[in-house]
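Below is one structure, written out as structure tokens; comments come after it.
The values are calculated or read from the model by the stated rules, or taken from the named source; none is laboratory data. From a predicted model like this one, the values you see are computed outputs, not experimental measurements. Note: ideal-geometry Cβ built from the backbone for every residue, glycine included; neighbour counts use all protein chains shown.
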Amino acid sequence: MNGTFVVARRELGGLFKAPFTWILLLVVLFLNGALFSLFLANSQGNVSESLEQSMTGLAFWVWMIFLPALLSMRLIAEETRSGTLEYLLTAPVSDAAVVVGKFLAATGFLAVLWTSSLIYAVALDGVGGSPDWSAVLGTWLGTVFVSGVFVAIGMLASTFTATPLLAAFLSMVACVSWLVLPWLAARALDYILPLVTTTPEGRDALVERVMGVVANMDAIRHFQRSFRLGVLDSAEVVFFVTWTAFFLFLTARSIEARRWRG
Amino acid sequence: MIEVARLTRRFGALTAVDDLSFTVEKGEVVGFLGPNGAGKTTTMRILAGYLPATRASVLTVAGHDVQRDSMAVRRSIGYLPESVPLYPEVRVDEMMRFQGRLHRMSRGTLKQRIGETLDRVGVLDRRKQLVGTLSRGLKQRVGLAVALLPDPEVLILDEPTSGLDPIQRGEVRRLIGELASERTVLLSSHILAEIESVAPRVVIVHEGQMVADGPKDELVNSLGGDGGHVLVEAMSTATPQEMAGLLRALPGVTGVDVGERVGIHQAFAVRGEGDLREDIGALAMTQGWALRELTWRRPTLEQLFTRLVTGVDLEDSASATASGAEPFTGDSALPIAQPTPDEPAPAPKPLPLGVPGTAQPKTIYSLNPFDRGASRDLSKPVSVDPLPIDLDGADAETEGDEPSRGDGA
């Protein structure tokens, strides 16, 4: 555990020392602010609706795909290129500690980044607006969970190459796939399922069962049906934590495989 | 302190380390030598816990099994890879603090050790400098400081002088020499002269296999570099056999090889108990020999190593180029033919340099692409008159060694 926090602390320090991070922070805050003002103007000053839009709308998901990928692309790829990965992997800390430490740093940084929306809520509350605090906080927490999954995917992509930009590209493709695949699968199954059953009753039962499974894989749905409403559902938390753990496990395995490849 | 037995590591079809076995005792400094791609880095990475071994019957460092108790090994060693991995965006003391935290050092100990270690490697005044702005030599020192911070029992240094200029190399070598008195050190290099100056014991690897292991003086002997010899080149009115007889009569001389004539001088290789130059010099003085060369020659480890690995004798090629004569050293090149009184001395080979004052045939090669007579024999008279331009028969002039040009003048 100690090793995890030592790695996380250094990684976070490294992030804040890199000019790239500050540029990213500046651009995100500026665009987030501009979008929020736009939402506020469009909704005739409806604070809750504007906050919800800025934390769940299309712009939000675009951020969600770009930012974790850009942030996590360096985590392993850069260290591979500079040779510091060899230093870390011969230090008296486990591979898991290195992976989790880096993950915590990147996710922590994103959590800080997403607080900009919380700051808008605080500011609006101060000037007489009445944001739905449970929804705002729930959405922020959900955002952090989704960021965690995407950072884990980004780290996995980062272990495959020593070129950070290629890692970022791989990560974006993987994140989009992870978001869109259940929806695509549902559309495809609409056509396929009627072909494999003969009776209408059997078909309905099969469609219901398969669609249930596919729907349960849909991350956006998981996000929208709890965090966005301000409800902290343990099942939803487990969903995101499990996926994060799965990708982190794959990252650690990928680093282990790298040791064998040499 | 380090024990390796039957270590093998494969990368797919490539066997990087092949059944390698060696031990390093506590307090010993061992140089790990071999050409690039010999398996040095792979072995060191396995010892440091970075790469797993494909197979090894024993693999322990500081009393811990590398394969089963990698964490204990990592805590006991200071490992400096060739690339000197340091984070460029942090300051020197931040890098040291990170290393200390990874090794779970307490805050007080860490503060004290950082000062001590940076002072030891001579970069205390750079503690607030960004690592990325340090020169290559300073980075190497900081890398060493990072490896030394947890006061490890064993130091594993992979090519610690690689990429440094000669002055920096000397400094790093001196530093390693100082550290060697306190710790077990395994360091690698492909430059043998560097290892020779730091490590009393040398392990030579080639294509993943051990070629030799032992103190360097013993290695020189065991690898075919016998006790050495004195190379004498002298001019005298006496015959080479008479000169050899006088040399052989000197106390301590066990054998004299008569070499070639080099110009007006005759070469001999005098073997015996150690360096006999003083006795030979005294003999030359009493006999009135004009000495041109009196050198104590012993093959260096580098020459023996190169001969072992590539089959090429370094000294052969070097001295042949320098003097134009066949040297004595080198197993294939030794013209050892002990002349006995009954047996006439071998006929001297043609002199490559010739006799001074006589014209020698010489072929010169022109790099001028417009010189269509690209090479010509200078022993033949050459016309200094401009060649008649024959537009129709231009082909005749393109011949390289065209005798008619000279003959026709």
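For first residues located in the range A:1-17 and more than 8 Å from chain B (Cβ to nearest Cβ), partners that are of a type in the set (S, T, N, Q) and lie 6+ apart or on another chain with Cβ distances below 7 Å form the pairs A:Leu15/A:Thr21. Residues in the range A:205-232 that are of a type outside the set (A, V, I, L, M) and within 18 Å of A:Ala188 (Cβ to Cβ): A:Glu208, A:Arg209, A:Gly212, A:Asn216, A:Asp218, A:Arg221. When the range B:53-66 is filtered for residues that are more than 12 Å from chain A (Cβ to nearest Cβ) and not in a strand (DSSP E or B), the ones remaining, listed by number, are B:Ala56, B:Ser57, B:Ala62, B:Gly63. Only one entry in B:Arg120, B:Arg74, B:Arg45, B:Arg101 is assigned to a helix (DSSP H, G or I), within 9 Å of chain A (Cβ to nearest Cβ) and farther than 23 Å from A:Arg9 by Cβ, namely B:Arg45. Identify, please: which residue in the range A:122-145 is within 18 Å of the chain's Cα centre (by Cα) and at pLDDT below 90 and is, among those, farthest from A:Val241 (Cα to Cα)? Filtering the range A:122-145 for residues that are within 18 Å of the chain's Cα centre (by Cα) and at pLDDT below 90, the one farthest from A:Val241 (Cα to Cα) comes out as A:Val136. When B:Glu207, B:Glu242 are screened for being modelled with pLDDT of 85 or more and over 33 Å from the mean Cα position of the chain (by Cα), only B:Glu242 passes. Residue count for the range A:75-87 satisfying the condition of being within 11 Å of another protein chain (Cβ to nearest Cβ) and under 21 Å from the mean Cα position of the chain (by Cα): 1. Does the range A:197-219 hold any residues that are surrounded by 15 or more Cβ atoms within 10 Å (Cβ to Cβ) and under 25 Å from A:Val136 (Cα atoms), and which are they? Listed by number, the residues that qualify are A:Met217, A:Asp218, A:Ala219. Does the range A:222-237 include one or more residues that are away from every other protein chain (no Cβ under 14 Å), touching a residue at least 24 places away in the same chain (Cβ under 8 Å), surrounded by 11 or more Cβ atoms within 10 Å (Cβ to Cβ) and over 24 Å from the mean Cα position of the chain (by Cα)? No, the range A:222-237 contains no residue that is away from every other protein chain (no Cβ under 14 Å), touching a residue at least 24 places away in the same chain (Cβ under 8 Å), surrounded by 11 or more Cβ atoms within 10 Å (Cβ to Cβ) and over 24 Å from the mean Cα position of the chain (by Cα). Screening B:Phe32 with (1) modelled with pLDDT under 90; (2) outside any loop (DSSP other than H, G, I, E, B); (3) facing chain A (nearest Cβ under 10 Å) gives one miss only, at (3). For the range B:4-14, the set of residues classified as more than 12 Å from chain A (Cβ to nearest Cβ), surrounded by fewer than 23 Cβ atoms within 10 Å (Cβ to Cβ) and not in a loop (DSSP other than H, G, I, E, B) consists of B:Ala5, B:Arg6, B:Thr8, listed by residue number. Residues that are at pLDDT 90 or above and in contact with a Ser or Thr (Cβ under 7 Å, 6 or more places away or on another chain) within the range A:226-262 comprise A:Thr251, A:Ser254, A:Ile255, listed in sequence order.
When you look at B:Arg136, is it out of contact with any strand residue (DSSP E or B) (no Cβ under 6 Å at 6 or more places or on another chain), charged (D, E, K, R) and within 10 Å of chain A (Cβ to nearest Cβ), yes or no? No, not satisfied.
In the range B:84-98, of all residues being within 8 Å of chain A (Cβ to nearest Cβ) and closer than 13 Å to A:Leu88 by Cα, the one that is farthest from the chain's Cα centre (by Cα) corresponds to B:Phe98. Listed conditions (1) more than 7 Å from chain A (Cβ to nearest Cβ); (2) modelled with pLDDT of 90 or more; (3) assigned to a strand (DSSP E or B) are all met by B:Tyr79, apart from (1).
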